[in-house]
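Okay, structure first, notes after.
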Amino acid sequence: MSDRSTTFDDHDPLAYSILQVLEDFIDEVGSRECTAHFDKVVDGKYFLKGKHLIQKPERFTEEHLVFPMLRRAFGYSLRPQPMQYAPRWPRGGGVPDFCITSIPIAAAMESDLRFFGEVKPPKKIENARNDMVNYLDSDLDVHAVAILTDGFEWEIWIRPKGESVDDLDNPYAKASLRDSLKTVRTRNMKTAPYQPHRVRNNIDTDIFSDFMLDAVLETIETEFGVDTTAF
């Protein structure tokens, strides 16, 4: 692994934060001696395997990529595996992988708003979409904002109260980290120089800015007519 300090555009804090998360993730891949396996995943048709990570792929992706992105880059507070969320999740509807607690529970309940997310291992974003349709179809009585990700691909879904997800044009926003990960993974390669400036060029911060807390609060106000100034 490289121990070089990374220079980056100090005028783009979002890009810098994303880069730091990706570097830490790739360093963790290297510390588990999974660099060769991860190369096959990011380049080809392979899927991340728990036998190489010594951990379930979904949990590894949550702990070392998704949750750090949500917290450090996008500015959220969150609760993994919420058993009771605001408003309460319908019985038999399953439990989402996380809920966003940046909006106080009392405010979410008062506004009939649910903000949650679904995580899958890399290259299984379609599974997250299928689960999200089931979640949203199970309860039409609240406004819903959802983040879907497999670590590589990121999507935001919006579902106003009372509307069927089939009638909506989702994802509302989407972005990808796959090309950036292809560059950052060279930190673990002795034969390829690590070039962090290429990561800067690959990260579309205009798109990823849609995932930041302030941007989503603005979306909630625009799409649902919910006053977010008190959140």
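Could you tell me what percent of the accessible area of region 19-59 is made up of carbon and sulfur, with a 1.4 Å probe and every protein chain present?
Values: 1140 of 2210 Å².
So the carbon and sulfur contribution to the accessible surface is 52 percent.
Counting heavy atoms of the protein chains only and a 1.4 Å probe, report the per residue accessible area for the chain as a whole number of Å². Walk me through the intermediate numbers first.
Numbers: 11300 Å² over 231 residues.
I get 49 Å² per residue for the chain.
Taking each residue as 0.36 nm, the span from Met189 to Glu28 lengthens on full extension beyond its C-alpha to C-alpha distance by 56.6 nm.
Sorting the segments 149-158, 99-108, 188-197, 49-58 by their residues' average number of neighbouring beta-carbon atoms within 10 angstrom, most packed first, yields 149-158, 99-108, 49-58, 188-197. Distant-in-sequence amide contacts of Arg114, defined by a placed amide H-H separation under 5 Å and a gap of 5 or more residues or a different chain, comprise His143, Ala144, Val145. Shape class of region 129-231 from the Cα gyration tensor (axes a ≥ b ≥ c, square roots of the eigenvalues): prolate, since a/c reaches 1.5 or more and a/b is larger than b/c.
By how many nm would the segment from Ser77 to Ile207 lengthen if fully extended, with 0.36 nm per residue of separation less the alpha-carbon distance?
Details: separation 130, 0.36 × 130 = 46.80 nm, distance 2.07 nm.
Contour length minus the Cα-Cα distance gives 44.7 nm.
Between the residues Pro68, Ile125, Cys34, the greatest Cα displacement towards the positive end of the dipole of the chain, with unit charges on the Cβ of Lys, Arg, Asp and Glu, is found for Cys34. Measuring r between the beta carbons of Ile54 and Glu126 and using R0 = 41 Å, the FRET efficiency lands at 0.95. Take Asp166: with every protein chain present and a 1.4 Å probe, its accessible area is about 120 Å². Here the Karplus curve 6.51 cos²θ - 1.76 cosθ + 1.60, taken at θ = phi - 60°, turns the phi angles of region 58-74 into couplings of 5, 5, 4, 5, 4, 5, 10, 9, 5, 5, x, 5, 4, 7, 7, 8, 9 Hz, with x standing for Gly and Pro.
Separation of the alpha carbons by more than 23 angstrom is noted, of Lys49/Lys123; Lys40/Lys123; Lys56/Lys190; Lys51/Lys123, for Lys56/Lys190. Here the Karplus relation 6.51 cos²θ - 1.76 cosθ + 1.60, evaluated at θ = phi - 60°, turns the backbone of region 161-175 into coupling constants of 4, x, 9, 7, 4, 5, 8, 10, 9, 10, x, 5, 8, 8, 7 Hz, with x for every Gly and Pro.
The separation of region 188-231 from region 10-66, counted between C-alpha centres, amounts to 18 Å.
Once you order the gyration tensor axes a ≥ b ≥ c over the Cα atoms, which shape class does the chain get: rounded for a/c under 1.5, otherwise prolate or oblate by comparing a/b with b/c?
Cα axes put the chain in the prolate bin.
Binning all Cα-Cα separations of region 20-69 at 5 Å, short to long from zero, yields these whole-percent fractions: 5, 23, 31, 30, 11, 0. Computed over the chain, relative contact order equals 19 percent, with contacts defined as Cα pairs under 8 Å that lie 6+ residues apart.
Karplus-derived 3J(HN,Hα) values for region 180-197, using 6.51 cos²θ - 1.76 cosθ + 1.60 with θ = phi - 60°, are 5, 5, 4, 7, 5, 5, 5, 4, 9, 10, 7, 8, 10, x, 7, 10, x, 5 Hz; glycine and proline are entered as x.
Using the rule -39500 (n - 2.57) for each DSSP H run of four or more residues, divided by the residues of the chain, the 222 nm mean residue ellipticity is -10500 deg cm²/dmol.
Model label points for Asp12 and Asp169, set 7 angstrom from Cα along the Cα-to-Cβ axis, are 2.8 nm apart.
The values are calculated or read from the model by the stated rules, or taken from the named source; none is laboratory data. Note that the structure is a prediction, hence the values are computed from the model and not measured. In this analysis, Cβ positions are derived from the backbone assuming ideal geometry, glycine residues included, and neighbour counts consider all displayed protein chains. Surface areas here come from the heavy atoms of the whole protein model, side chains and all, with no ligands, DNA or RNA. Shrake-Rupley method; radii C 1.70, N 1.55, O 1.52, S 1.80 Å.
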